[in-house]
Structures are given as structure tokens and as C-alpha cells.
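Please read the structure below before turning to the comments.
The values are calculated or read from the model by the stated rules, or taken from the named source; none is laboratory data. Because the structure is predicted, anything quoted here is derived from the model rather than measured. Please note that ligands, DNA and RNA were not included when accessible areas were found on the heavy atoms of the full protein model with its side chains. Shrake-Rupley method; radii C 1.70, N 1.55, O 1.52, S 1.80 Å.
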Amino acid sequence: MKKILALSFALALTFSTTVCAAETVVPEKQFPELDTLAYCAEKSLPEYTSNAVAEMDGVRDQAKIASGSNMVTEGAETNATCIVDKVGVGAIRYAQNKAAEVGGTMLTVVELSAPGVHLENAQVALRIEGVKAGDAVTAYRSVKGEWVAVNVTAVADDSVTIDFPGKGIYTFIK
């Protein structure tokens, strides 16, 4: 029963609010509820409330990543937010191998999704720590076990904007 309640809270928070990339101030009385939700999402409380990924097991020097702003779909900015989630060790190793293959350094690897959002001509801005304007950043999406290049439309200080064809595992390489 507790798991169903926690899942209900998680779904309500995921689908009913837009989460900003800045660390969110949470009232102390909500700590136990949010702590449970963060635990279920396998994130720390700051990661959960900020829609971010700051660290993953098995990865040193990973760039922190968060949803940066509202998504663009069909050429117009919307209030939709991209969900940023952690991936497993297998996906991390797979992304590190891709970075070595292309002669770059993996900044991060995450699962991106946008539940309930029509993703026609969608773009998403992501806050990626350590990226500077003018850096050569490439993005790849895992499709049926193969890395497929994703169009990077803009690179700015601590920000990368990509075309967003749909839910999947994405890696960012510098």
C-alpha cells in the first residue's frame, strides 16, 4: 500500500508541475514524502526536486545535468519539461565506449523523457555543468542498441540544446 501511495505521489508531482533546474526550496514538513519519492526514483533529494542528475555509481567527474528550460515543440515554446533520470551501469559503460570510439570525453549519460508531450519538431535545453560557449559537444541517442547522432542546435555556457525525437538514453560527448 505504501508503494502505491508513493507511486501516486510521484506520478502526481511528475505530471502536474513544472520543475525548474535550480535547487528547489522544500518546506520541512514535506521532507519525509519527498525523501520517499526521491528514493523510489533512485535520486538524492536535491536531484529529485531539481529534476537533475548530479552523480552516478561508477562514473567519476561526471558533469551535472538538469532540464534547462521549457521545451520547444512544433516551433513554439511550451511549459513542458524534460525529465532527466539516471541510467544503469551497462548504459554508462556503453556511453564511455562511444566517447572513446569518437575520440572524445563523455560529459554525461542520462535517460530523457517527456511524458504526455507531443514531440513533433521538439527541442530541449539542458544545463550541463562545465560546457562553454563554442565547445564541440556532440549528442547521441541509443536506438535499438546503436548510438545515433542527435542534432545539437546550440552550445552556450553550461547549456546544450538538442533536437529531441523521443524518450531514450542520451550521451553527451566533448
Q: Per residue of the range 83-91, in order, report the coupling 6.51 cos²θ - 1.76 cosθ + 1.60 (Karplus, θ = phi - 60°) as ³J(HN,Hα) in whole Hz, putting x for Gly and Pro.
A: 8, 10, 10, 6, 10, x, 4, x, 5
**Q.** Gyration tensor (alpha-carbon) shape descriptor, the range 108-148, a/c threshold 1.5
**A.** oblate
Q. Rounded, prolate or oblate: which one fits the range 113-174, using the alpha carbon gyration tensor with axes a ≥ b ≥ c (rounded when a/c is under 1.5, else prolate when a/b beats b/c, else oblate)?
A. oblate
Q | Accessible area expressed per residue, the range 92-174, with surrounding protein chains retained (probe 1.4 Å, Å²) | A | 47
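Using heavy-atom solvent-accessible surface (probe 1.4 Å) with all chains present, what is the largest-first order of ARG141, ARG127? Numbers along the way, then the final one.
Details: ARG141 55, ARG127 105 Å².
Of ARG141, ARG127, the descending order of accessible area is ARG127, ARG141.
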